[in-house]
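Structure record follows, encoded as structure tokens.
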């Protein structure tokens, strides 16, 4: 592990690289040595490993099935819009957009007329 930690403790970045198996052989040997000499560091790594495996298990399922461990809420399925409801909703949105555009145009025209008159 690098020398930048306090009292021989490795910085979190080094411990994270060790956990993710992203360090070279020399760095791995230093980390192994630091972990055998420092029980606090070893406990920290053990907690991180549990968290890592819990997160991997939670998100390894299909994304629509992913949820926090011990969650009582059912998983959220993929958003599906189908059938006649979709057609009606699009028409409602088009009417609302046209109404809004007309209202904004009328309001803008009212402001312009008032500026010219006054």
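The values are calculated or read from the model by the stated rules, or taken from the named source; none is laboratory data. Owing to the predicted nature of the structure, the values given are computational and were not obtained by experimental measurement. We place every Cβ from the backbone using ideal geometry, glycine too, and count neighbours over all the protein chains shown.
With respect to residue 76, determine if the residue is at pLDDT below 75 and either within 30 Å of residue 11 (Cα to Cα) or in contact with a helix residue (DSSP H, G or I) (Cβ under 8 Å, 6 or more places away or on another chain) (or both). Judged against the criteria, residue 76 is a match. Per this entry, residue 51 is not counted among residues that are assigned to a helix (DSSP H, G or I) and at pLDDT below 70.
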